[in-house]
1. For the range 262-300, what are the residues that are at pLDDT below 85, in contact with a strand residue (DSSP E or B) (Cβ under 8 Å, 6 or more places away or on another chain) and outside any strand (DSSP E or B)?
2. Based on what the data block shows, is residue 449 surrounded by fewer than 17 Cβ atoms within 10 Å (Cβ to Cβ) and either under 21 Å from residue 180 (Cα atoms) or not assigned by TED's automatic domain parsing to the domain that holds residue 179 (or both)?
3. Of the residues that make up the range 88-95, is at least one modelled with pLDDT under 85 and assigned to a helix (DSSP H, G or I)?
4. Just to be sure before I move on: is residue 144 touching a helix residue (DSSP H, G or I) at 6+ places or on another chain (Cβ under 8 Å), part of a strand (DSSP E or B) and free of Cβ contacts under 8 Å to residues at least 40 places away in the same chain in the structure I sent?
5. Evaluate the range 151-164: report whether one residue or more is touching a residue at least 12 places away in the same chain (Cβ under 8 Å) and under 18 Å from the mean Cα position of the chain (by Cα).
6. Identify, please: which residue in the range 7-31 is within 24 Å of the chain's Cα centre (by Cα) and assigned to a loop (DSSP other than H, G, I, E, B) and is, among those, farthest from residue 314 (Cα to Cα)?
7. Would you say residue 231 is surrounded by fewer than 19 Cβ atoms within 10 Å (Cβ to Cβ) and either without any contact (Cβ under 8 Å) to a residue 60 or more places away in the chain or in the same structural domain as residue 124 (by TED's automatic domain parsing) (or both)?
8. Would you pick out the residues in the range 318-342 that are under 21 Å from residue 492 (Cα atoms) and in contact with a strand residue (DSSP E or B) (Cβ under 8 Å, 6 or more places away or on another chain)?
């Protein structure tokens, strides 16, 4: 029963957090969550999902959670006596795009075979798979295969042009997992490298990552394909070794006393300043007011005196006469968003968990490692690269004046190693050009010349099983320290282990 309650809570939180979700039901077609009502109920030991609107209603028995990502969720469900089928929830796409994406996935295995036969005639394709295998972290977003050249094998991996850019960017992580799988199977033929196929003009993030992996000795061929399978362009990774980025000024934590606009704060917040965090949002005139990392009020925008309050979509403008309502909200947050919450399934408890962890880390950075300097701590540092707006979780210094990049996660994330690589490369690039000094970071301190050290931090049992298998492809110049925290970190951070990878 507890597992059903936990699953029910996960599903409700996803749908409450994504009100514009498109639901794909093979029997009922495409349904819009915003036009409907829904509920999850546990009846006689079974979890039921019901969705209804003015035109129709559906009820499905939930068998299992097949896939759960930031903006996508897949359930295996049953209806009547029919065989189980998948119910898909997609938070980011229109119904028309969802239909096209499914059709593109069906066509793609044949397209990738054409591309390889045209560009790599010396390679014989032994196997090509597009079916998902969630036990090994593979979804239908990608196509994976084996190419044989003489007595050696290539790991082949591709992403179809209908996928969104975040899926394309994530392709390299899954490709490395596929290559690791092939290298551990019973076949004695060596796997010499990876051939990666991506849509034309969409390989920038992947290429910058791949350039660093190639420098560590990974043999990787990145190929861009167009509509005509004969038009294949190899990407020269030597052009991507340096990543030009832009760095924005950001305030140190905690904010200096004179930086906080006390007079503009509503009375209920002024009276409980010891409970809240006031953070200046990067590159804006906005102050974010948070409780355990969860933003519940905002101050600034056009006028410094303007205050909005509310969590998520419940935001509204503050004005005189609403003190009691704002005070009630803050009291509710205190009661629910606490270490031993009486309502751990409430959205106030579960939303923005990484920000909650970040707020605890920021209270004393030395909890992560005694060598980190609490005098210089910068959270949410924006570093732009091309069209990508990257935000570094925490930037700080070690006591011997070496830059340190800290990437935080509270849930399993396959992309953690390569996301951390992105931020490390940007920090290194700015460091080499003296940008931090010019932007006012680390005032009065001369930062040492060594490359940054990279910390990847998560509850010990929340690192994805593939994390270390991907981290091993990073070049040796990147010192990576993996920090595993206690599962009940909300009650106070304890380091369970700390080791170099």
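The values are calculated or read from the model by the stated rules, or taken from the named source; none is laboratory data. What you see is a predicted model; the values in this text were computed from it and never measured. FYI the Cβ positions are ideal-geometry reconstructions off the backbone, even for glycines, and counts take in every protein chain you see.
1. 264, 265, 281, 282, 283, 286, 300
2. Numbers: surrounded by fewer than 17 Cβ atoms within 10 Å (Cβ to Cβ): yes; either under 21 Å from residue 180 (Cα atoms) or not assigned by TED's automatic domain parsing to the domain that holds residue 179 (or both): yes.
The answer is yes for residue 449.
3. Step one: list which residues in the range 88-95 are modelled with pLDDT under 85, which gives 91-95.
Now narrow it down to the ones that are assigned to a helix (DSSP H, G or I): 95.
Checked the range 88-95: at least one residue is modelled with pLDDT under 85 and assigned to a helix (DSSP H, G or I).
4. Working: touching a helix residue (DSSP H, G or I) at 6+ places or on another chain (Cβ under 8 Å): yes; part of a strand (DSSP E or B): yes; free of Cβ contacts under 8 Å to residues at least 40 places away in the same chain: yes.
Considered against the rule, which asks whether it is touching a helix residue (DSSP H, G or I) at 6+ places or on another chain (Cβ under 8 Å), part of a strand (DSSP E or B) and free of Cβ contacts under 8 Å to residues at least 40 places away in the same chain, residue 144 comes out as yes.
5. Keep residues of the range 151-164 that are touching a residue at least 12 places away in the same chain (Cβ under 8 Å), which gives 151-164.
After this cut, where a residue has to be under 18 Å from the mean Cα position of the chain (by Cα) as well, the list is 163-164.
Yes - at least one qualifying residue is present in the range 151-164.
6. Here is the first cut: in the range 7-31, the residues within 24 Å of the chain's Cα centre (by Cα) are 7-24.
Pick out the ones that are also assigned to a loop (DSSP other than H, G, I, E, B) and you get 18-21.
Working: 18: 13, 19: 12, 20: 15, 21: 18 Å.
The selected residue is 21.
7. Details: surrounded by fewer than 19 Cβ atoms within 10 Å (Cβ to Cβ): yes; either without any contact (Cβ under 8 Å) to a residue 60 or more places away in the chain or in the same structural domain as residue 124 (by TED's automatic domain parsing) (or both): yes.
Yes, satisfied.
8. 333, 334, 337, listed by residue number.
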